[in-house]
Structures are given as C-alpha cells and as structure tokens.
1. Give a residue-ordered list of calculated ³J(HN,Hα) values for the stretch 217-224 (Karplus: 6.51 cos²θ - 1.76 cosθ + 1.60, θ = phi - 60°; whole Hz; x for Gly, Pro).
2. Can you tell me which of 222-229, 106-113 comes out highest on packing, and rank the rest after it, using the mean Cβ neighbours within 10 Å?
3. R0 = 35 Å: FRET efficiency of Ser71 with Ala166, Cβ-based, nearest 0.05?
4. Residues with beta-carbon under 12 Å from that of Leu268, excluding Leu268: net charge, scoring Lys, Arg +1 and Asp, Glu -1?
5. With a Cα-only, solvent-free Debye model of the stretch 152-292, what are the log10 I(q)/I(0) values at q = 0.11, 0.22 Å⁻¹?
6. Would you pull out the residues with amide H under 5 Å of Gly237's amide H, same chain only if 5 or more places away, H placed 1.01 Å from N?
7. Is the shape of the stretch 174-213 rounded, prolate or oblate, going by the alpha carbon gyration tensor and its root eigenvalues a ≥ b ≥ c, with a/c under 1.5 for rounded and a/b larger than b/c for prolate?
Amino acid sequence: VNAKGLAYTAVLAIAAYSFLLIKMPEHTMHQMQMTHHFIGMWINFVISAIVIAFVIGTLNSTLRAREATISRTREQQLRHEQLLTLDGAAAQVTHQLATPIANLQLLFEELQEQQADDPIVQEMAKPLAQCKEQLAHFRSLSNALRTGETQQVISAKTLQNTIQDAMTLHFPEQSLQWLNDAPDCSILSDAMLLPAILNLLQNAVSANNHNQQHNIEAKWQIDEQILSLSLRDFGQGFSEQQMASLGGQLMPSSDGMGMAVMLSNVTLERLNGSLTLSNHPQQGAIAMVSLKIV
C-alpha cells in the first residue's frame, strides 16, 4: 500500500462517516438528545482514522526501507565475493607469470650479448621492461593493500598530472584534452584510484577505436564539497542493458568493460565517491567520477 492510496482510503472513510452523520434524521437527534454524542463519535472516528493511516504509512515506509537495505547488502556481499574470486585469480596468475618472465629476461640478456645489433632483439627490451614494471607495481600494490596504508590526500592538480602521464604512456595514440584546469582543492586517494580512472580511460579508448576517433575530453566540476571529473569519449555510447548493469555486477563483454567498470566503481565507493555513467546527447558516453573534497 503506497502513501497516496492510504490517504485516499482514510479521506474516503471520513467522508462516508461524515455523510452518514449529516443524513441522519433530525427527529432522532432531538428526541434522544444524542447530538453531542454523535458528533463526539464522529471526532473520535476522524482521529482514529488519521492515527491508523499514519501508523500504517510509517510501518510501510519502514518495511520498504529495510527491504531496500537488505537488497543493497545482498548485492554488496555478492559483489565482494566476486571481487575476492577475481583477487585470488589475479594473484595466482601473477605468481605463475613471474617465473616465465624472469626466464625470458635471462634469455633476452643472452641474445643481447650475442646479437646486440639485431633490431628484433632491441624491440624486445621495451615489452619485457613493461612486464617487469607491472609485476613490481602489482607486488607493491598488494603489499600496500594488505597493510592498509594506502590512503593519502592529494591535490586535484597532482591527480590531473598523474592521469595525463599515465594516458601518454599507455595510450599514446589517443589525445586527452582538458577543457579546464584542475581546481585548487584536495581529495582522498589511495593506490587504486589511478588504476580505477585508467580503467575508465581504457574503456573510452576502446569506444573511440571502434568509431575511428582519437580524442577524449576531460572536465573538472565542483558542486559544494564534491569534486567531479567527467571523461567523454566519442564512441557509440552505452546501450540500455549496459546502463542498467554496468558498475554493479560482472557482465559478459568481449572488451572487459563490465569487469573494469565494476572495479572502478568499488574503488570509488571505498573512497566515499561515486561513478555515474551516461550518454552524451550528441555523441559518445560520459563517465563521471565524483570524490569528496577534504
């Protein structure tokens, strides 16, 4: 029963009782001297109807709020279980890759000594260095998350520079255009904030590549004590199914969009922030990262 239907029922009951009192024969009132008694009964009925409607409405709202809380808790628990599974799988894969990469590094060093001028050998240096760097970063990140010493306060300008450097390193073929400068404020960050934003940028790059575009727009906004960073691509935008499910659960996707967005959403929630996805009215999609100003 919603509040509007409950109010209509109470008003209808009071109106019916009032109509019955008005239409009561006058000779009954005068003969039995029951006028004040009937009016008192009417007042008692009105008060009772209002109290009952208020109590039922309050109980209904409380039950709905509790059901919504239980539903959110169930979804969070399911998402945390999925994240634990992904974390275990990622740690296992990283551990298994460490030894082969170390062996490849030894073979590369031997090839470099024997055929130092070979261009193919020279090209192997960069991807191997990237693999070693990523493994070292993952180990340091895991250690920081395990000890819990990850959160720190950084300025928006520092975050902008870090994002720009990471974008230039990982996606040199794409152009990240800042529509305005970073505001003079600070936010709460941890070791997973930059990877979370990079996940969104990777999705934007993938959308651009599918649409033969090479530009991503970034814009800062401040609303009271909330700092927001919007990232707009020029792809085909989100479908209705993606808009309804992205960020809340794992979704099957050939590009990994469901997992990346969910991980980004969880990271922002841990920092008391939020992630909002929408389609641009002209072209592309917008990922809005919102964080509290400290």
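1. Karplus values, whole Hz, x for Gly and Pro: 9, 10, 9, 8, 9, 10, 10, 6.
2. On the way: 222-229: 13.8, 106-113: 12.0.
Per-residue mean Cβ counts within 10 Å order the peptides as 222-229, 106-113.
3. Values: r = 36 Å, r/R0 = 1.04.
Given R0 = 35 Å and the Cβ-Cβ separation, E is 0.45.
4. Values: positive: Arg270, Lys292; negative: Asp190, Glu269.
Charge balance in the 12 Å sphere: 0.
5. Log10 I(q)/I(0), no solvent term: -0.36, -1.57.
6. Amide H to amide H, under 5 Å and 5 or more residues apart or across chains, Gly237 pairs with Gly284, Ala285.
7. On the way: a/c = 4.75, a/b = 1.55, b/c = 3.07.
Since a/c reaches 1.5 but b/c is at least a/b, the shape of the stretch 174-213 is classed as oblate.
Read-outs: derived from the displayed coordinates by stated rules, not from any lab. If you're wondering where the values come from, they're calculated on a predicted model, not measured in any experiment. Note that each Cβ is placed from the backbone with ideal geometry, even for glycine, and that neighbours are counted across all protein chains shown.
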